[in-house]
Amino acid sequence: MQKNYNEKYLKSYAAKSSNSKGRIYIEPENYVRSPYQRDRDRIVHSSSFRRLKHKTQVFVNTEGDHYRTRLTHSMEVSQIARTLARFLGLNEDLSETLSLSHDLGHTPFGHAGEESLNHCMEKYGGFDHNIQTIRIVTHIENKYYRFKGLNLTVETLDGLIKHNGPIKNFEKYKRILKKDLLDNKISYNTFPSLEAQVAAISDDIAYNNHDLQDGLRANLFTIKKISSIPYLSKLINKHTKNIKKFRKEVIINQIVRDLINFMVVDVIKTTKKNLQIIKPKSINDIYRHNSLIVDFSGKMKIIDSQIKFFLKKYMYSHKKVIVNTNRGKTIINDLFKYLLKNPKKLISHSLFKNEEKERVIADFIAGMTDRYAINLHRQIK
């Protein structure tokens with residue numbers, strides 16, 4: 001039976017299944033699905049992925065059914081990434097896989113939970129959700145006879161590790177992962193594939209725009225307030241004339257739709273210009289290049305920073321958000337202290353055989369959903 005991966009449309013510098021470096025543990029190839037499709041399917045069927053449904057994006061999961069969660073955010077990142085990858089002649093399956101899995105390592109209560117858990121783990125190597133994602137896919141998920149983890153391809157692991165660029169604090173990675181499985185497989189000081197860069201910038205586009213949408217839904221700020229962002233006023237003001245004709249939710253959706261399209265088109269144009277200058281012949285040329293290639297234009301970088309500043313000022317620092325942020329930090333801190341004193345009361349004894357007690361506890365807490373952490377906290381207080 002002949003493999004049918006249909007990758008003829010890919011550019012020479014895209015990540016091709018035929019050129020994959022394979023997996024850490026050798027497995028037979030699948031004749032129906034490409035290696036990156038199999039990676040995606042393993043992510044989607046993982047317990048860690050399912051739990052993202054009940055993990056905070058900005059608003060705690062219990063606050064309402066319409067706000068984003070880590071799961072819906074990851075799906076929206078994936079949609080944007082597939083659009084970019086297809087237009088640029090890149091491997092959609094790899095970009096999709098990286099988009100769906102990039103937040104697997106997040107704690108309950110979003111970045112507040114991560115900050116609190118990192119503080120708790122300060123003496124034991126710290127905590128970082130990006131490194132935790134690698135722990136999950138190489139160690140924590142346990143579904144196979146022959147190996148721990150999901151045994152993803154080297155290209156997927158490379159993209160998860162370096163989607164934001166080369167790794168500077170390599171020692172932190174080694175201390176937390178405690179594995180040499182990736183040695184000689186991944187170069188930590190080079191840039192990632194274009195597919196990984198697509199996933200990273202899609203993450204930026206998704207959370208900027210969808211946090212604006214959720215903030216408007218929660219009445220943390222108004223459409224008029226958003227139009228104060230200099231470069232966006234013209235784009236937003238064309239929709240304000242429809243306020244009397246349509247429901248607020250429709251207007252908000254149209255604004256966010258236009259903003260996402262505005263950013264996606266900018267990334268495509270900028271990336272194509274960069275590729276014309278660099279003229280890469282293979283994926284190795286991408287790895288060896290000294291900067292990101294998938295990028296915003298200079299003007300869009302200013303807009304991106306203005307949106308981030310706006311969200312920090314009017315959303316992430318809003319009293320309603322801060323109250324829940326502080327509550328989440330307290331819950332994580334209390335749970336860590338409790339589990340340090342009672343490590344085997346809730347966690348399987350077998351997990352402590354080859355790991356430091358504190359790291360096992362961090363794994364356990366990081367894997368919790370918001371509601372599980374809240375309910376457990378009530379029980380121990």
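Here are a few things to note about the model shown:
- Answer residue from region 1-34, given it is of a type in the set (Lys, Arg) and surrounded by 19 or more Cβ atoms within 10 Å (Cβ to Cβ) and is nearest to LEU182 (Cα to Cα) among those: ARG23
- Residues in region 35-58 that are part of a loop (DSSP other than H, G, I, E, B) and either in contact with a His (Cβ under 7 Å, 6 or more places away or on another chain) or crowded, with 24+ Cβ neighbours inside 10 Å (or both): LYS55, GLN57, VAL58.
- Residue in region 68-79 that is β-branched (Val, Ile, Thr), surrounded by fewer than 21 Cβ atoms within 10 Å (Cβ to Cβ) and either more than 19 Å from MET368 (Cα to Cα) or in contact with a Ser or Thr (Cβ under 7 Å, 6 or more places away or on another chain) (or both) present: no
- Hits in region 85-133 - residues which are at pLDDT 95 or above, of a type in the set (A, V, I, L, M) and within 26 Å of ASP334 (Cα to Cα): LEU104, LEU117, MET121
- On the stretch given as region 85-120, residues that are part of a loop (DSSP other than H, G, I, E, B), touching a helix residue (DSSP H, G or I) at 6+ places or on another chain (Cβ under 9 Å) and more than 19 Å from ARG327 (Cα to Cα) total 7.
- For region 265-300, the set of residues classified as in a loop (DSSP other than H, G, I, E, B) and more than 24 Å from the chain's Cα centre (by Cα) consists of LYS279, PRO280, LYS281, SER282, listed by residue number.
- Whether a residue is over 21 Å from GLY126 (Cα atoms), under 15 Å from the mean Cα position of the chain (by Cα) and not assigned by TED's automatic domain parsing to the domain that holds ASP295 was assessed, and ASP203 does not pass this test.
- Of all residues in region 301-319, those being in contact (Cβ under 8 Å) with a residue 12 or more places away in the chain and part of a helix (DSSP H, G or I) number 11.
- Residue in region 320-332 that is in a helix (DSSP H, G or I), closer than 26 Å to ASN118 by Cβ and touching a Lys or Arg at 6+ places or on another chain (Cβ under 9 Å) present: no
- In the condition set (1) modelled with pLDDT under 95; (2) over 27 Å from ARG50 (Cα atoms), LYS345 is compliant with all but (2).
- Flag if HIS210 is of a type outside the set (Lys, Arg) and modelled with pLDDT of 90 or more: yes
- Residue in region 236-244 that is touching a residue at least 24 places away in the same chain (Cβ under 8 Å) and surrounded by 16 or more Cβ atoms within 10 Å (Cβ to Cβ) present: no
- Residue check, LYS281 under 26 Å from SER18 (Cα atoms) and either free of Cβ contacts under 8 Å to residues at least 12 places away in the same chain or out of contact with any helix residue (DSSP H, G or I) (no Cβ under 6 Å at 6 or more places or on another chain) (or both): yes
- Condition check for GLY105: touching a residue at least 12 places away in the same chain (Cβ under 8 Å), in the same structural domain as PHE170 (by TED's automatic domain parsing), at positive phi and not polar (S, T, N, Q): no
- Test: residue in region 173-181 that is hydroxyl-bearing (Ser, Thr, Tyr), at pLDDT below 85 and within 30 Å of ILE134 (Cα to Cα): yes
The values are calculated or read from the model by the stated rules, or taken from the named source; none is laboratory data. Only a predicted model underlies this, so the values are computations on that prediction, with no experimental measurement involved. So basically every Cβ, Gly included, is an ideal-geometry build from the backbone, and we count neighbours across all protein chains shown.
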